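Asks: Quick one: the structure is below, and I'll ask about it shortly.
The values are calculated or read from the model by the stated rules, or taken from the named source; none is laboratory data. Values in this document were obtained by computation on a predicted structure and should not be read as measured data. Glycine also receives a Cβ, built like all others from the backbone with ideal geometry; neighbour counts cover every protein chain displayed. Heads up: the accessible areas ignore ligands, DNA and RNA and are worked out on the full protein's heavy atoms, side chains in. Shrake-Rupley method; radii C 1.70, N 1.55, O 1.52, S 1.80 Å.
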Number of protein chains: 2
Amino acid sequence: MHDRRSGTTTLTDAQRLDWLRLIRSDNVGPRTFRSLLNHFGDARSALERLPDLARRGGAARPGRICSEADARAEFEAARKIGVSLVASGEAGYPPRLAVLDDAPPLLAVRGAPEILMRPMIAIVGSRNASGAGLKFAGQLARDLGDAGFAIISGLARGIDQAAHRASLQSGTVAVLAGGHDRIYPPEHEDLLMALLETGGAISEMPLGHGPRAHDFPRRNRLISGAALGVVIVEAAHRSGSLITARMAAEQGREVFAVPGSPLDPRAAGTNDLIKQGATLITEAADVINAVEPIMGRPISLGAGEEDGEPVIFEPDTGDRARIVDLLGPSPVSLDDLIRMSGASPAVVRTVLLELELAGRLERHGGGLVSLI
Amino acid sequence: MHDRRSGTTTLTDAQRLDWLRLIRSDNVGPRTFRSLLNHFGDARSALERLPDLARRGGAARPGRICSEADARAEFEAARKIGVSLVASGEAGYPPRLAVLDDAPPLLAVRGAPEILMRPMIAIVGSRNASGAGLKFAGQLARDLGDAGFAIISGLARGIDQAAHRASLQSGTVAVLAGGHDRIYPPEHEDLLMALLETGGAISEMPLGHGPRAHDFPRRNRLISGAALGVVIVEAAHRSGSLITARMAAEQGREVFAVPGSPLDPRAAGTNDLIKQGATLITEAADVINAVEPIMGRPISLGAGEEDGEPVIFEPDTGDRARIVDLLGPSPVSLDDLIRMSGASPAVVRTVLLELELAGRLERHGGGLVSLI
């Protein structure tokens, strides 16, 4: 139930079970989840319609729908290791993360719940960091922690680790690329346990999910999305931290970079970021000065699809064929599809949803879609 | 004589002698020189009127006027060590320098004259530079030299020296804070002799003038003024290179700064410059990309006083008293003086000139003046 005045939602146990089943079903990502909720009003109705929609979207064989038993088992396993599944918009869900159009509908949360409601600054950087980089990351995390910010990072070796360690007392948040029971790197299990006392760990992945290469950039959007801004401490050319910086910029988050000598390859990425418009920082005050004006503002919805009244619409066969014809491997915008097909926005959205559930559609950022 | 079509002036020998006498006379700086020429049409008339103007400005005792004999002696001594006195606007005078409102009327020039007509980039920084800073300065100077730019700097220890040395082949320009026969630091005499083969050295000071502390910031305006842009390679907080950067910005020159680790005190000044809006650079291409669009444009006049027809105006005693009353130790603008005194611009300018020649007026940047 959404309370428009307090801005928070609280799910019933039955709703939470339906939400988990829906997001754990095949071909349902955070954006599709949101479209389905918009179309059908609630997760239960969406689950009932999934097979039919996927078939109309041209699925070769029906995708797996997460069973009630599997969902219950996940809740139970999570409970055993102190993990709660918190819904987007509920108290305990990081408020800035909740407004992203690809916010996880349910976040697996462990640790001190109040930490996730604090203003957060992300500190990320090279796994293979220099001594100076590690020292700077620690100093910055300590100073920002003392100033009341929670430090969010990725639990990786190098800069991430230094930032978490230096903010153990003030409170730090680790964002995991796999499930809560599949910590990566395994030698940071101790660090994770230590940070849970005053801080927290979050994941959108199910328990038992071991992180694969493509899970890390996906995870990085949560690091930047939950934060007011992201500080990149050291990064070589084409390093993973630069992906986090790009995501942060796309999400409208502040991007901060720590400069370094042009002769230091571990500063090449951060210097490049500054050339491209990131804010050069050399101390915590630079970060605080930049984010203070933002903290005062109410958190606004991202540039994603608007939450409207549920619209259930049955496209006719001609509409569906016309829209599928307009799609191809190159991303095209929803607006263009509406204009070129002559169909109503509701019809176009429904056809895209069917294709998505059939595993035939890929959603890109900025409302772009393509056929797989 | 000024040829408006070619944009160059050529002085006769007699005019050059008068120019030298005027700029070497007491209380005549580059801005006063220009005002006098505007008022009286030529240097000879100005020289004749100097004692009278200074007396009306309230000089306790008349300032020394450089004699014809002293001026001839300076020309002769300069000729002996291969130094020419080139007038602002003449061929051989750096074109970008000529448009500053405090451009030296005569520049003492030594070396290969064509070097001063090339597009220049200034490279400056700490005397107490790090190995990395010296290496970077050398590499940058070499790359910019290879790209056709003359490298201009201050012949100081550290970054200046590294920049000059690395551009000996392509051509480099040293700007001296003292006269051409008073090289500072003395151990760079060899470097100076080496750079004169393909490059040049310039000074606005008379021969025999040993550089004092306040001559260095004054000299720095020539380094930035002659260049398209200034690169600050390493600079601590409150270092002299930051004065050059400030002057460059005031002159409308590009300011480039080389980043460094926040833990390196020799990068504190350059990182600060970037925070304040200087362009972060890590390689010659960054500089070239930024100045290329400027090079195409005709060199425009600075924001100084406009060159108009000579206006000779005799203020009455009431005007003079009113204007002097409005002046004090705090800088005030010419516009404010005109508005508050109710006198015409020509009258205000004349009174200021008289005060200046009496040694009672100080001119600041941006058309501001104060009483001494």
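Asks: Could you give, in nm with one decimal, how far B:Asp316 is from each other copy of that position, shortest first, with labels 7 Å out from Cα toward Cβ?
Replies: Relative to the other copies, B:Asp316 has label-point distances of 9.5 nm.
Asks: Three principal axis extents, largest first, for the C-alpha atoms of region B:9-57, in Å?
Replies: Rounded to whole Å, the extents work out to 33, 16, 15 Å.
Asks: Also: As a check on your grasp of the helix formula, calculate [θ] at 222 nm for the protein assembly as shown: sum -39500 (n - 2.57) over DSSP H runs of n ≥ 4, divide by the residue count, round to the nearest 500. Before the final figure, lay out each step's value.
Replies: Values: 30 runs with 318 residues, N = 744.
The per-residue figure over the protein assembly as shown is -13000 deg cm²/dmol.
Asks: While we're on this one: Projected onto the charge dipole of the protein assembly as shown (+1 at Lys/Arg Cβ, -1 at Asp/Glu Cβ, origin at the Cα centre), which of B:Gly240, B:Leu357, B:Leu36 gives the Cα projection farthest towards the positive end?
Replies: Comparing the listed Cα positions along the dipole, B:Gly240 ranks first.
Asks: Residue by residue through region A:268-282, what is 3J(HN,Hα) from phi via Karplus (6.51 cos²θ - 1.76 cosθ + 1.60, θ = phi - 60°)? Round to whole Hz and write x for glycine and proline.
Replies: Working through the residues one at a time gives 4, x, 5, 4, 4, 4, 5, 4, 8, x, 5, 7, 6, 10, 10 Hz.
Asks: Mind giving me the FRET efficiency for A:Arg44 and A:Thr9? R0 is 22 Å, r the Cβ-Cβ distance, nearest 0.05 is fine. Intermediate values should be presented prior to the final figure.
Replies: On the way: r = 16 Å, r/R0 = 0.73.
For R0 = 22 Å, the calculated efficiency reads 0.85.
Asks: What distance in nm separates the two pseudo spin-label positions at A:Asp146 and A:Ser344, each 7 Å out from Cα along the beta-carbon direction?
Replies: Going by the 7 Å Cα→Cβ label model, 6.1 nm.
Asks: Between B:Leu368 and B:Asp26, what is the label-to-label distance in nm when each label sits 7 Å out along the Cα-to-Cβ direction?
Replies: Inter-label distance under the simple model: 2.8 nm.
Asks: Quick check: net charge around B:Asp286, other residues with Cβ under 13 Å of its Cβ, Lys/Arg +1 and Asp/Glu -1? Present the calculation step by step, with values, prior to reporting the outcome.
Replies: On the way: positive: A:Lys275; negative: A:Asp272, B:Asp143, B:Glu254, B:Glu283, B:Glu292.
Once all neighbours under 13 Å are counted, the net charge is -4.
Asks: Could you tell me the accessible area of B:Asp102 in Å² (1.4 Å probe, neighbours in place), rounded to the nearest ten?
Replies: Roll a 1.4 Å probe over it and B:Asp102 shows about 30 Å².
Asks: I need the shape label for chain B. Rule: rounded when a/c is under 1.5, else prolate if a/b > b/c, else oblate, with a, b, c from the alpha carbon gyration tensor. Please report the intermediate quantities before stating the final value.
Replies: Numbers: a/c = 1.98, a/b = 1.53, b/c = 1.29.
Prolate shape, in that a/c is at least 1.5 and a/b is the bigger ratio.
Asks: Additional query: Tell me, what is the per residue accessible area of chain A in Å², probe radius 1.4 Å?
Replies: Values: 16290 Å² over 372 residues.
That works out to 44 Å² for each residue.
Asks: Treating cross-link reach as a plain straight distance, find the lysines whose alpha-carbon is under 23 Å from the alpha-carbon of B:Lys135, omitting any fewer than eight places away in the same chain.
Replies: Filter leaves A:Lys275.
Asks: Using the C-alpha gyration tensor of region B:118-174, what are the square roots of 5 times its eigenvalues, in whole angstrom, with the largest one first?
Replies: On the way: eigenvalues 60, 25, 12 Å².
Those come to 17, 11, 8 Å.
Asks: Can you compute the FRET efficiency between B:Thr317 and A:Glu292 using 1/(1 + (r/R0)^6), with r the Cβ-Cβ distance and R0 = 41 Å? Round to the nearest 0.05.
Replies: The value I calculate is 0.10.
Asks: Got a sec? Which residues of region B:263-293 lose 40 Å² or more of accessible surface with every protein chain in place, vs. that chain alone, 1.4 Å probe?
Replies: B:Leu263, B:Lys275, B:Leu280, B:Thr282
Asks: Then there's this: Pull up the cross-link candidates among the aspartates and glutamates for A:Lys80, meaning alpha carbon to alpha carbon under 13 Å and not fewer than 8 places away within one chain.
Replies: List returned: A:Asp181.
Asks: Step by step: find N for region A:1-131, compute 2.2 N^0.38 Å, then divide the Cα radius of gyration by it. What's the final number? Before the final figure, lay out the partial values.
Replies: Numbers: Rg = 17.0 Å, N = 131, 2.2 N^0.38 = 14.0 Å.
Region A:1-131 yields a ratio of 1.21.
Asks: Estimate for me the total accessible surface buried between chains B and A (protein heavy atoms, probe 1.4 Å, no ligands or nucleic acids), in Å² to the nearest 100.
Replies: Rounded to the nearest hundred, the buried surface is 1300 Å².
Asks: Next question, about the same structure. Could you calculate the contour length gain from B:Asp52 to B:His214, that is, 0.36 nm times the residue separation minus the distance between their Cα atoms, to one decimal place in nm? Present the calculation step by step, with values, prior to reporting the outcome.
Replies: Numbers: separation 162, 0.36 × 162 = 58.32 nm, distance 3.00 nm.
Taking 0.36 nm per residue and subtracting the Cα distance, the gain is 55.3 nm.
Asks: Net charge around A:Ile243, counting only other residues with Cβ within less than 12 Å of its Cβ (Lys, Arg = +1; Asp, Glu = -1)?
Replies: Values: positive: A:Arg218, A:Arg219, A:Arg221, A:Arg238, A:Arg246; negative: A:Glu250.
Taking every Cβ under 12 Å from that of A:Ile243, the sum is +4.
Asks: Please report, to one decimal in angstroms, the Kirkwood hydrodynamic radius of region A:143-268 built from all distinct Cα-Cα pairs. Don't skip to the end; give the middle numbers.
Replies: On the way: mean 1/r = 0.0672 Å⁻¹.
Result for region A:143-268, one decimal place: 14.9 Å.
Asks: Considering only the label points, 7 Å along Cα→Cβ from Cα, what distances in nm to one decimal separate A:Arg238 from the same position in each other copy, shortest first?
Replies: 4.6
Asks: Using the alpha-carbon centroid of each, what span in Å lies between region A:320-372 and region A:260-279?
Replies: 39
Asks: For region B:1-106, which whole percent of the accessible surface, found with a 1.4 angstrom probe, sits on carbon and sulfur atoms? The partial results should precede the final answer.
Replies: On the way: 2560 of 5070 Å².
Heavy-atom surface of region B:1-106 belonging to carbon and sulfur, 1.4 Å probe: 51 percent.
Asks: Taking 35 Å as R0, compute the FRET efficiency from the Cβ-Cβ separation of B:Ala194 and B:Glu283 and round it to 0.05. Don't skip to the answer; put the middle values down first.
Replies: Working: r = 26 Å, r/R0 = 0.75.
The calculated FRET efficiency here is 0.85.
Asks: Right, next: Shortest first and in nm to one decimal, what separations exist between B:Arg72 and its copies in the other chains, measuring from label points 7 Å along the Cα-to-beta-carbon line?
Replies: 11.6
Asks: Can you tell me what percent of all Cα-Cα pairs in the protein assembly as shown are more than 35 Å apart? Intermediate values should be presented prior to the final figure.
Replies: Values: 164316 of 276396 pairs.
Roughly 59 percent, once rounded to a whole number.
Asks: Would you mind computing, in nm to one decimal, how far apart the modelled labels at A:Asp70 and B:Arg79 are, each placed 7 Å from Cα along Cα→Cβ?
Replies: Calculated label separation equals 9.9 nm.
Asks: Separate question: When only DSSP loop residues count, what trypsin sites (Lys or Arg not before Pro) in region B:159-243 have their Cβ near at most 14 other Cβ atoms within 10 Å?
Replies: B:Arg212, B:Arg238
Asks: Let me cross-check A:Glu90: its accessible surface, 1.4 Å probe, with only protein heavy atoms counted, in Å² to the nearest 10?
Replies: Accessible area of A:Glu90: about 20 Å².
Asks: Something else about it: May I ask for the net charge around B:Asp26, where only other residues with Cβ less than 11 Å from the Cβ of B:Asp26 are counted and Lys, Arg are +1 while Asp, Glu are -1?
Replies: Working: positive: B:Arg24, B:Arg61, B:Arg64; negative: B:Glu356.
Local charge sum for B:Asp26: +2.
Asks: Sticking with this structure for a sec: What is the extension gain from A:Arg127 to A:Glu250, computed as 0.36 nm multiplied by their sequence separation minus the C-alpha to C-alpha distance, in nm to one decimal?
Replies: Numbers: separation 123, 0.36 × 123 = 44.28 nm, distance 2.36 nm.
Here the segment from A:Arg127 to A:Glu250 would lengthen by 41.9 nm.
Asks: Measuring from centroid to centroid over Cα atoms, what is the spacing of region B:54-119 and region A:110-156 in Å?
Replies: Rounded to whole Å, the Cα centres lie 59 Å apart.
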